[in-house]
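Okay, structure first, notes after.
The values are calculated or read from the model by the stated rules, or taken from the named source; none is laboratory data. What you see is a predicted model, and the numbers here were worked out from it, not measured in a lab. As a convention, Cβ positions derive from the backbone with ideal geometry for all residues, glycine included, and neighbour counts pool all protein chains shown. These accessible areas exclude ligands, DNA and RNA; they are computed on the full protein's heavy atoms, side chains included. Shrake-Rupley method; radii C 1.70, N 1.55, O 1.52, S 1.80 Å.
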Amino acid sequence: MAVSAESFAFVADLVRRRSAIQLAPGKEYLVESRLLSLAREDGAADVDAFVRTVRSSAKESDFARIVEALTTNETSWFRDSAPFAALQSYVVPELIAARGTSARLKVWSAACSTGQEPYSIAMTLADCLPASASADILATDLSEQVLAKAREGRYSQLEVNRGLPATMLVRHLSRVGAEWQISQALRNLVTFRQHNLLDLPPIGGPFDVVYLRNVLIYFDIATKRAILERLRRVMKPDGILMLGAAETTIGVDDAWIRVPVGTGSVYRPNRPLAASVPISTVPQPRTAPYSSVLTRGAHS
Ligand SMILES: C[S@@+](CC[C@H](N)C(=O)[O-])C[C@H]1O[C@@H](n2cnc3c(N)ncnc32)[C@H](O)[C@@H]1O
């Protein structure tokens, strides 16, 4: 049985409030297919019955499972290539020129999914940072499930085949049974932490470089703008932002300058928010009252 209009409305509202992901009418098939395995796990007759039980029992863990199931975790190594080429050809040279050869760069990979993005950043930095410089990479995502995989750093042959050059494979991964594991040295460069982009930015900044790729596309314009404004608070004034190929700050938050680099673009704040700007002046996501059980928990 297809998911009912009532169940769809409940799930869409839950997911929007907790992740800002928009499930517009017409996405019923997505809810149906993504929640089917949860319904089966719980022994429910179908997705509609599963949603009805979740609504009546109102368990936090069920709400979290539903939100996780509706996130899209699609990713790959060196995805779109341009943001990694730019890191090597433009970002690192610029930042090292400004900070000196013993700089310690802080990089944030926000919405990192299963880790291919931050590990691709780490591999690129291993090739282009001066020996006396170093980097800390913070990688965050809403989903605990993808973070667990990212921390483990183990990938199937199929996953490895999606964009990882053979030279990088032999340098940075080793075989473990049928899988490949990221080297300990590379894993040491990356700290994984749960973080919801609707919350205040994570501690660990101010950041020199932020990768925020292929996640703004799921949000409405007010949410995109609020996230970009909060981001400026935790970026160095000359920091650099990388967005996904289908994403831009233009027409969303005009306080960024687009800099064409190679076949892509990077963004720099043209109006960094001074640390003295009170946090309350930064627009927060709408938090219309609904039900206390649907209020997002705090994320560190
Ligand atoms: C399509 S993946 C992009 C992964 C990677 N950045 C890339 O470009 O390959 C989108 C990721 O955003 C995460 N996400 C969705 N909503 C989020 C939110 N509100 N806060 C943090 N992460 C979120 C999802 O869990 C998912 O892993």
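With (1) within 12 Å of the ligand (Cβ to nearest atom); (2) open to solvent by 10 Å² or more (accessible area, probe 1.4 Å); (3) under 26 Å from V170 (Cα atoms) as the list, and S89 as the residue in question, which single condition is left unmet?
(1)
Among the residues that make up the range 129-144, is at least one of them away from the ligand (no atom under 16 Å from the Cβ), open to solvent by less than 20 Å² (accessible area, probe 1.4 Å) and assigned to a loop (DSSP other than H, G, I, E, B)?
Looking for residues that are away from the ligand (no atom under 16 Å from the Cβ), open to solvent by less than 20 Å² (accessible area, probe 1.4 Å) and assigned to a loop (DSSP other than H, G, I, E, B), one finds at least one in the range 129-144, hence yes.
Would you list the helices (runs of 4 or more DSSP H) that sit entirely within the range 1-116 and hold 3 or more residues that are closer than 24 Å to D136 by Cβ and at pLDDT 95 or above?
In the range 1-116, the matching helices (runs of 4 or more DSSP H) lie at 82-86, 92-99.
Could you pull out the residue among R162, R213, R193 that is open to solvent by less than 20 Å² (accessible area, probe 1.4 Å) and within 16 Å of the ligand (Cβ to nearest atom)?
Values: R162 fails: open to solvent by less than 20 Å² (accessible area, probe 1.4 Å); R193 fails: open to solvent by less than 20 Å² (accessible area, probe 1.4 Å).
Going through R162, R213, R193 in turn, the sole match is R213.
Does any residue in the range 221-234 that is over 14 Å from Y211 (Cα atoms) come within less than 7 Å, Cβ to Cβ, of a residue that is open to solvent by less than 10 Å² (accessible area, probe 1.4 Å) and in a helix (DSSP H, G or I) six or more places away or on a different chain, and which pairs are these?
Pairs found: K224/L216.
If the requirement is being at pLDDT 95 or above and under 21 Å from S89 (Cβ atoms), which of these qualifies: I227, I240?
I240
Which residue is farthest from D199 (Cα to Cα), if the candidates are limited to the range 141-159 and must be among the hydrophobic types (A, V, I, L, M, F, W, C), out of contact with any Asp or Glu (no Cβ under 6 Å at 6 or more places or on another chain) and in contact (Cβ under 8 Å) with a residue 24 or more places away in the chain?
A150
Pairs needed: first member in the range 6-30, in contact (Cβ under 8 Å) with a residue 24 or more places away in the chain and assigned by TED's automatic domain parsing to the domain that holds V51; second member anywhere, of a type in the set (G, A, S) and open to solvent by 30 Å² or more (accessible area, probe 1.4 Å); C-beta distance under 7 Å; at least 6 residues apart or different chains.
E28/A2
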